[in-house]
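Take a look at the structure set out below.
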Amino acid sequence: ILYCNIGNPQSLGQQPITFFREVLALCDHPAILDKSETQGLFSADSIERAWQILDQIPGRATGAYSHSQGIKGLRDTIAAGIEARDGFPADPNDIFLTDGASPAVHMMMQLLIRSEKDGILCPIPQYPLYSASIALHGGTLVPYYLDEATGWGLEVSELKKQLETSRSKGITVRALVVINPGNPTGQVLAEENQKAIVEFCKQEGLVLLADEVYQENVYIPEKKFHSFKKVSRSMGYGEKDIAVVSFQSVSKGYYGECGKRGGYMEVTGFGADVREQIYKVASVNLCSNISGQILASLVMSPPKVGDESYESYSAERDGILSSLARRAKTLEDAFNKLEGVTCNKAEGAMYLFPRIDLPEKAIKAAEAAKKAPDAYYCQRLLAATGIVFVPGSGFRQVPGTWHFRCTILPQEEKIPAIVTRLTDFHKSFMDEFRG
């Protein structure tokens with residue numbers, strides 16, 4: 001079976017970054033730090049970093065609970081990393097370390113949603129975490145549709161329209177979710193577009209929930225990642241003007257450490273009373289896991305020029321990212337060659353979200369099987385080829401359009417086999433259901 005269904009890189013053979021794993025190993029078993037043979041097995045800078053981190057952990061014990069927000073020294077490191085990335089100050093007290101980005105999203109939904117009268121603006125297609133979390137906390141998802149024709153563009157006019165429609169139904173819209181780079185759609189927002197989104201949130205008094213877990217995954221030179229906090233600060237907006245919560249994770253990027261469950265949210269623009277409530281909610285879970293906390297600090301502060309590990313680290317990172325870019329391009333080209341399939345440019349993240357125009361007979365066959373047409377296509381594909389895609393109906397889509405999401409994560413040498421199997425299957429499927 002060829003798994004193209006979930007952003008889980010290491011399950012498909014991606015190797016972890018050596019430096020990160022060396023530091024983790026040494027932190028978890030500090031007894032070997034003083035042994036002479038350790039110098040031969042581990043790089044000097046991973047040994048030094050492990051000492052630094054252990055000095056920040058009370059009792060040097062990775063098996064102990066930490067502060068509910070995360071270890072203070074690690075939050076200092078992350079804040080410095082954010083500052084270096086954005087060129088604007090970051091406060092370690094604004095950072096809450098979480099078990100991946102998902103619990104941070106749940107935490108914010110729990111705090112924002114009071115009843116079904118509270119709405120959260122979410123992109124459609126969306127990552128199902130959002131619809132599930134909003135439903136779980138009893139709120140209302142207010143959809144805004146990304147424009148497939150403009151490469152999954154986010155139009156502020158569409159946001160305004162959806163906001164007004166919801167308000168006319170008595171729904172109080174409290175926040176806007178933006179996923180950038182996009183999941184499942186893989187687009188990277190232009191800075192001008194981001195400024196318009198920030199302005200919209202400021203005018204309407206919305207909390208901006210910025211899902212930025214794919215910030216390292218940008219594959220085309222003409223696009224760059226800009227954090228929403230950086231964009232709002234560059235517009236002259238500070239703490240008093242706009243509330244921005246940004247999410248980052250160690251599961252994505254080039255590191256792909258999904259199972260380690262590390263991540264954080266940076267919470268800005270809330271008063272002390274709200275901050276106290278966020279802290280209370282974080283305290284319910286005692287703390288996030290310590291390996292994930294350590295990894296989050298490493299991701300935001302990797303080896304620097306001059307460090308012993310720098311060259312091997314850079315080679316590993318660049319090797320993974322350039323391979324992902326090639327895989328994205330190969331799959332994008334393959335989809336666009338299929339009859340009735342169109343696929344937007346793979347700009348970032350780990351996914352492609354091609355649109356498929358299914359013949360009327362296939363739609364009828366799907367109805368007879370009591371399945372959504374894109375789910376029917378994906379199940380037939382799985383049975384015939386072993387390729388696993390997720391139907392677009394799992395992410396919501398413009399009614400009457402059909403899509404599927406495909407990850408770019410299978411190992412590079414397996415991509416040609418996926419393309420061949422898919423192409424053969426698609427041809428026979430279309431032939432079978434022609435008018």
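The values are calculated or read from the model by the stated rules, or taken from the named source; none is laboratory data. These numbers were taken from a predicted model, which means no experiment stands behind them. Cβ sites come from the backbone with ideal geometry, for glycine too, and all protein chains shown count toward neighbours. SASA here: full protein model, heavy atoms, side chains in, ligands and nucleic acids out. Shrake-Rupley method; radii C 1.70, N 1.55, O 1.52, S 1.80 Å.
Annotations
- The residues Arg327, Arg275, Arg60, Arg114, sorted by heavy-atom accessible surface at 1.4 Å with ligands and nucleic acids left out, run Arg114, Arg60, Arg275, Arg327 from largest to smallest.
- Calculated mean residue ellipticity, 222 nm, the chain: -14000 deg cm²/dmol, from DSSP H runs (n ≥ 4) at -39500 (n - 2.57) each, averaged per residue and rounded to 500.
- Here the accessible area is traced with a 1.4 Å probe on the protein chains. For the range 323-433, carbon and sulfur cover 55 percent of it.
- Structure remark: mean-square fluctuation, Gaussian network model of the chain, C-alpha springs under 10 Å; the largest value among Ser166, Ser234, Ser46 belongs to Ser234.
- Taking the range 58-300 and dividing mean pair separation by its residue count, relative contact order in percent (alpha carbons under 8 Å, at least six apart): 27 percent
- Annotation: amide H of Thr140 within the under-5 Å range of Asp118, Gly119, Ile120, sequence separation 5 or more or interchain, hydrogens built in the peptide plane.
- Share, in percent, of DSSP beta bridges within the range 58-300 that are antiparallel, nearest 5: 35 percent
- Sequence-distant lysines (8 or more away, or on other chains) whose Cα lies within less than 27 Å of Lys364: Lys337, Lys427
- Across the range 329-338, rounded Karplus estimates of 3J(HN,Hα) from the backbone phi angles (6.51 cos²θ - 1.76 cosθ + 1.60, θ = phi - 60°) give 5, 4, 5, 4, 4, 5, 4, 5, 8, 7 Hz, Gly and Pro being marked x.
- Area of Lys427 that stays accessible when all protein chains are in place (1.4 Å probe, Å², to 10): 120 Å²
- Heavy atoms of Met107 accessible to a 1.4 Å probe, total area in Å² rounded to 10: 10 Å²
- Förster radius 25 Å - calculated FRET efficiency between Arg85 and Glu192, Cβ distance, rounded to 0.05: 0.80
- Amide hydrogen neighbours beyond the local backbone of Val207, cut-off 5 Å, H modeled: Ala175, Leu176
- Per residue, the chain exposes 41 Å² of accessible surface when a 1.4 Å probe is rolled over the protein heavy atoms with every protein chain present.
- Rounded to 0.05, the FRET efficiency of the Lys427 and Glu360 pair, given R0 = 22 Å and the Cβ-Cβ distance, is 0.75.
- ³J(HN,Hα) computed for each position of the range 362-370 - Karplus, 6.51 cos²θ - 1.76 cosθ + 1.60, integer Hz, glycine/proline x: 5, 5, 5, 5, 5, 4, 4, 8, 6
- Three-way shape call for the range 191-310 based on the alpha-carbon gyration tensor, with the a/c threshold at 1.5: oblate
- Within the accessible area of the range 58-153 (1.4 Å probe), percent carbon and sulfur: 56 percent
- For mean projected area of the Cα convex hull in nm², calculated from these coordinates, the label among (1) 22.0; (2) 27.0; (3) 24.0: (1)
- Cα long-axis angle, helix 101-112 against the chain (0 to 90 degrees, to the nearest 10): 80 degrees
- Taking the chain and dividing mean pair separation by its residue count, relative contact order in percent (alpha carbons under 8 Å, at least six apart): 21 percent
- Our estimate of slack between Glu37 and Ala417, defined as 0.36 nm per intervening residue step minus the Cα-Cα distance, is 132.4 nm.
- Across Lys252/Lys329; Lys117/Lys230; Lys345/Lys370, pairs whose alpha-carbon gap is larger than 27 Å: Lys117/Lys230; Lys345/Lys370
- The length gained by stretching the chain between Asn93 and Tyr310 to full extension, at 0.36 nm per residue less their Cα-Cα distance, is 75.2 nm.
- Taking θ as phi - 60° and the Karplus parameters 6.51, -1.76 and 1.60, the scalar couplings of the range 62-79 work out to 6, x, 9, 4, 10, 3, 4, 7, x, 4, 4, x, 6, 5, 4, 4, 5, 4 Hz in sequence order, x denoting glycine and proline.
- Accessible area per residue was computed with a 1.4 Å probe on protein heavy atoms; Arg396 scores about 100 Å².
- Residue order by solvent-accessible surface for Ser168, Ser227, Ser102 is Ser168, Ser102, Ser227, largest first, with ligands and nucleic acids left out and a 1.4 Å probe.
- Prolate/oblate/rounded label for the range 105-173 (Cα gyration tensor, a/c 1.5): oblate
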